[in-house]
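**Student:** This is the structure I have questions about; it appears just below.
Derivation of every value follows stated rules applied to the coordinates shown; laboratory data play no part. Here the structure is a predicted model, which is why all the values come from computation and not from measurement. A quick note on method: Cβ atoms are made from the backbone with ideal geometry, for glycine too, and the neighbour counts reach across all protein chains shown.
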């Protein structure tokens, strides 16, 4: 059990101290819940913080249950899409991409995303249930040709962790907890408040201002 996402990030950072101050490494968080985790890691390891924009496609009868995930460039669908109409999937894909485009403008404004080509990417979220969003994010990042990728998770369902381990070109996977009685990510946090866009923008700015300050003083 974690107190909050910040504690989870600090515990993950403890496992990655050999990347502290590494000029070729960058932490990439999945918004919105992964950002507080990534922010804590960024501060402890003195690494820049970036985000990847992806969002799940919910089942038509249970929006919380992910049948796939979408980014601005790709989409992944799970086996649970069998029997669901193609029209629903296409309409949801377009709806989600509209949301992601708005978030892109909101999070980046006039700033450009960090170039990930040739970098060691440490991909982080606050936890994984189905794994669809994370897998989609991994595939998006791999299109940018990083030199290596590390996946860092506080908690995951055993099934999702098994699927992630099957993916190619991942240097290592750090998962602090993969319990058999997994029901939802939130059950493993004392504090699991919803993270809003304002907090994401604030955490991104704080983490990268802190990194730039330390970088300029080094």
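**Student:** Using DSSP, restrict attention to beta bridges with both residues in the chain and report what percent are antiparallel, rounded to the nearest 5.
**Tutor:** Values: 9 of 29 bridges.
Looking only at bridges with both residues in the chain, the antiparallel portion is about 30 percent.
**Student:** Please compute the Cα-Cα pair-distance distribution of segment 152-203 with 10 Å bins starting at 0, giving whole percents from short to long.
**Tutor:** 20, 39, 32, 9
**Student:** Additional query: Could you give the angle, 0 to 90 degrees to the nearest 10, between helix 5-14's Cα long axis and the longest principal axis of the Cα atoms of the chain?
**Tutor:** 60 degrees
**Student:** Find the centroid of the Cα atoms in segment 142-157 and in segment 70-94, then give the distance between the two in whole Å.
**Tutor:** Measuring centre to centre over Cα atoms gives 23 Å.
**Student:** As a test of the formula, what do you get for the chain when each DSSP H run with n ≥ 4 contributes -39,500 (n - 2.57) and the sum is divided by the residue count, at 222 nm and rounded to the nearest 500 deg cm²/dmol?
**Tutor:** Result for the chain, helices only: -12500 deg cm²/dmol.
**Student:** Still on this structure, please answer the following. How far is helix 34-45 tilted, in degrees, relative to the longest principal axis of the Cα atoms in the chain, given as a value from 0 to 90 rounded to the nearest 10?
**Tutor:** Around 20 degrees separate the two axes.
**Student:** Checking the a/c ratio against 1.5 first, then a/b against b/c, what shape does the Cα gyration tensor give for segment 107-185?
**Tutor:** It is prolate, given that a/c is not under 1.5 and a/b is the larger ratio.
**Student:** Applying a 10 Å radius around every beta-carbon, put 189-196, 46-53 in order of their mean neighbour count, most first.
**Tutor:** In decreasing order of mean packing, 189-196, 46-53 become 46-53, 189-196.
**Student:** Would you mind classifying segment 24-111 by shape? Square roots of the alpha carbon gyration tensor eigenvalues, ordered a ≥ b ≥ c; an a/c under 1.5 is rounded, otherwise it is prolate if a/b is larger than b/c and oblate if not.
**Tutor:** Because a/c hits 1.5 or more and a/b exceeds b/c, segment 24-111 counts as prolate.
**Student:** Give the label of the value calculated from the structure for Cα Rg over 2.2 N^0.38 Å, choosing from [x] 0.98; [y] 1.12; [z] 1.21.
**Tutor:** [x]
**Student:** If I fit a long axis through the Cα atoms of helix 197-217 and take the longest principal axis of the Cα atoms of the chain, what angle between them do I get, 0 to 90°, rounded to 10?
**Tutor:** 30 degrees
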